[in-house]
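Any read-out appearing in this document is the output of simple, stated calculations on the displayed coordinates, not a laboratory observation. As the structure is a computational prediction, the values presented were derived from the model and not from experiment. With ideal geometry, Cβ positions are generated from the backbone for all residues, glycine too; neighbour counts draw on all protein chains shown.
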Amino acid sequence: MLSHPAMAFMHAFTTAWCETTTAHSQPTNTWLTTDFELGSHDGRRFTGCEIGARAFIESLKLYETSTVEIESVYLEETEAGYTGLAMGRVFAKFKGEEQGEKGGKCVDSQGREWDLSVPRAYDCTFVRDEEGPVGGLKLKKMLVCGDMQPVVVEARKRGLI
């Protein structure tokens, strides 16, 4: 799957934005188009590179680190780049110590241990841009769909919300 340009981009995006957070200190237009659109779990839309990046970073605030493993994907080439749907799992390590009854740990396909694993779906649009960090692509749109209840339960156990 990583041989496809859009999947290689998303793998690098996940590493830079979720696992290592190195992208948080880079100019947002390194990875995102100026008209980037983020659709959140609760139906809100954030439009614009800076606004969308801030909202994405805010969505990660409960996690020490996280990653995404894509299980299935549909991609098609467009005149401007690629568009597609991906389904997979988010794996997360939460900030703070778990209080009360301890939950089970989750293991990803690389054998790494996480506090939580939840299904997610992504509707993404990638556009060709010679300044794009991976494969000459930038992310134009990312709509995220998933049940947030397990995240809220785990965050409450740790006193994060």
Does anyone have the angle between helix 49-59 and the longest principal axis of the chain? Alpha-carbon axes, 0 to 90°, nearest 10? 20 degrees
Can you tell me how much longer the chain between residue 65 and residue 95 gets when fully stretched, taken as 0.36 nm per residue apart minus their C-alpha distance, in nm with one decimal? 10.0 nm
If you put +1 on each Lys and Arg Cβ and -1 on each Asp and Glu Cβ, how big is the dipole of the chain around its Cα centre, in Debye rounded to 20? 460 debye
Relative contact order, percent, of region 66-161 when contacts are C-alpha pairs under 8 Å separated by at least 6 residues? 26 percent
Spatial separation of Cα centroids for region 1-66 and region 87-161, in angstrom: 11 Å
For region 5-157, what does the alpha-carbon gyration tensor say about shape, rounded, prolate or oblate, given a ≥ b ≥ c as the root eigenvalues, a/c under 1.5 as rounded, and a/b over b/c as prolate? prolate
What percent does the relative contact order of the chain come to when contacts are Cα pairs within less than 8 Å and at least six residues apart? 24 percent
Taking neighbour Cβ counts within 10 Å as the exposure measure, how do 62, 137, 160 sort from fewest upward? 160, 62, 137
What's the tally of Lys pairs in the chain whose alpha-carbon atoms lie under 25 angstrom apart, where the two lysines are 8 or more places apart or on different chains? 15
Okay, helix-only estimate at 222 nm for the chain: each DSSP H run of n ≥ 4 adds -39500 (n - 2.57), divide by all residues, round to 500 deg cm²/dmol; what do you get? -5500 deg cm²/dmol
